[in-house]
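Here's the structure we're looking at; comments come further down.
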Amino acid sequence: MNKDQLDELDLQIINALQIEPRVPWTSLARIIGTDAVTLARRWERISTKGLAWISAVHEADAPHSVAIVEIQCESGQALTTAAQASRDPAIYSIDLTSGFRDIVMTLFARNDDELAEYILVKLGQLPAVRLVRTNIVNVRVKTGAQWTLRALTDGQAERIPRFRPPRPGAAKVVPQQTMSGVARALEGNARATNVELAETLGMSPQRVGDAIATMRHQGYLDLRVDIAQPYSTWPTVLWYFIRAPSSSISAAQESLAGMPEVQFACVSTGQWNLIVALSARNVADAPRLEAKLEERLPNATIMDRSMVIRVFKHLGHLMDRSGRATGDFISLFEDR
């Protein structure tokens, strides 16, 4: 096996961290059936090689205006466009795709005014762009944080300890400055111990632990684990652009949220009112999944679809040609 491939144990570790990114190795060892040292060593290899990574998003810094942007480029210039776009913190994800569109971008803006500035001015300034189609996200039905590899059995997944609620004596309100500092420290190393984070932040370990627990419990901190798609057991990703009657949107949201192959789904304002990204075991499985999608959305029509041929940027992380994270990260927190 290629030394960069992921074996069954690697996939189980990633799946477990998708469920709880800060689960102690000692707790996980009892569930998976190996020792904590092996798990820690495996994760170190996985993360160092860019095969999987943990992201931390502080809700106060999170985007409140989001758009899915389809871009057509001049012939042979998609990489040039993607390279320029990737340096912008607001352009958080970039997929190079087949079909009508050469690029599908996820654009995160702090507010509607900033989103308008990108739509009206900045996107048109990218090099080699022939056409831009913007779809403003109204409702995020499902995100990658809710998608997992499903490498663990149901019984193993249920035994993964979830994060604990705050201590009764913990402060009920975490200051904004503390929240931002904790989120940035976790972005650098989401599995750092409270003692390690305390040294970075100049706080006591208990105060750090209380802040993390309170932020997560109150929904101010989101930790998520992503995998380099070509190295997962679901390497094929397809974007679907769908029209559905407005009267069926609520039912469609429920159906999409419950479909395990769905990595991302949203209700949007644009040429399409539903946009969905599906993961497949392989290219040959795509028609079956599309048929399943049609079955889940009986009143909708799939108007177009594109396959991801390379991920250029994912949630701020730049990817190499093989789809692994390079270690070059452009934070949403950066000034822009």
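The values are calculated or read from the model by the stated rules, or taken from the named source; none is laboratory data. What you are looking at is a predicted structure, and each value in this text was computed from that prediction instead of being measured. Neighbour counts are summed over all protein chains in view; Cβ atoms, including those assigned to glycine, are modelled from backbone coordinates with ideal geometry. Side chains included, ligands, DNA and RNA excluded: accessible areas come from the protein's heavy atoms. Shrake-Rupley method; radii C 1.70, N 1.55, O 1.52, S 1.80 Å.
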(request) With +1 on each Lys and Arg Cβ and -1 on each Asp and Glu Cβ, and nothing else charged, work out how big the dipole of the chain is about its Cα centre, in Debye to the nearest 20. (result) 480 debye
(message) Under a Cβ-only charge scheme (Lys and Arg +1, Asp and Glu -1), can you give me the dipole magnitude of the stretch 1-142 about the Cα centre, in debye to the nearest 20?
(response) 240 debye
(request) Return the single residue from PRO230, PRO161, PRO287 with maximal mean-square fluctuation; model: Gaussian network over the chain, springs between Cα atoms under 10 Å. (result) PRO287
(request) Name the long-range amide H neighbours of LEU274: under 5 Å, sequence gap of 5 or more, or other chain; modelled H, no Pro or chain starts. (result) ILE242, ALA244, SER268
(message) Taking the solvent-accessible surface of protein heavy atoms with a 1.4 Å probe, what is the per residue accessible area of the stretch 92-224 in Å²?
(response) 52 Å²
(request) Divide the volume of the convex hull of the Cα atoms of the stretch 1-112 by its number of residues and quote the answer in cubic angstrom per residue. (result) 157 Å³
(request) Find out how many positive minus negative residues lie around ILE46, taking Lys and Arg as positive, Asp and Glu as negative, among other residues whose Cβ is under 11 Å from that of ILE46. (result) +1
(request) Please name whichever of LEU293, VAL308, ASN282 sits farthest to the positive end of the charge dipole of the stretch 273-336, dipole taken about the Cα centre and charges placed at Cβ: Lys and Arg +1, Asp and Glu -1. (result) ASN282
(request) Please work out whether the stretch 122-258 counts as rounded, prolate or oblate from its C-alpha gyration tensor, where a ≥ b ≥ c are the square roots of the eigenvalues and a/c under 1.5 means rounded, while otherwise a/b larger than b/c means prolate and anything else oblate? (result) prolate
(request) Would you grab the residues whose amide H sits under 5 Å from the one on ASP328? Only those 5+ places off in sequence or on another chain, please, with H modelled 1.01 Å from N. (result) LEU318
(request) May I ask for the equivalent-ellipsoid semi-axes of the stretch 156-224, computed as the square root of five times each C-alpha gyration tensor eigenvalue and listed largest first in whole Å? (result) 19, 15, 12
(request) Calculate I(q)/I(0) for the chain by the Debye formula, one identical point scatterer on each C-alpha and no solvent, and give its log10 at q = 0.14 Å⁻¹ to two decimals. (result) -1.23
(request) Once you have a ≥ b ≥ c as the square roots of the Cα gyration tensor eigenvalues for the stretch 80-179, tell me rounded if a/c is under 1.5, and otherwise prolate or oblate according to whether a/b is larger than b/c. (result) oblate
(request) Multiply the residue separation of PHE329 and SER250 by 0.36 nm, subtract the distance between their alpha-carbon atoms, and state the gained length in nm to one decimal. (result) 24.8 nm
(message) Rounded, prolate or oblate for the stretch 126-183? Axes are the square roots of the Cα gyration tensor eigenvalues, ordered a ≥ b ≥ c, and the cut-off for rounded is a/c under 1.5.
(response) oblate
(message) Within the chain, what whole-number % of the accessible surface is contributed by carbon and sulfur, with the 1.4 Å probe and all protein chains included in the calculation?
(response) 50 percent
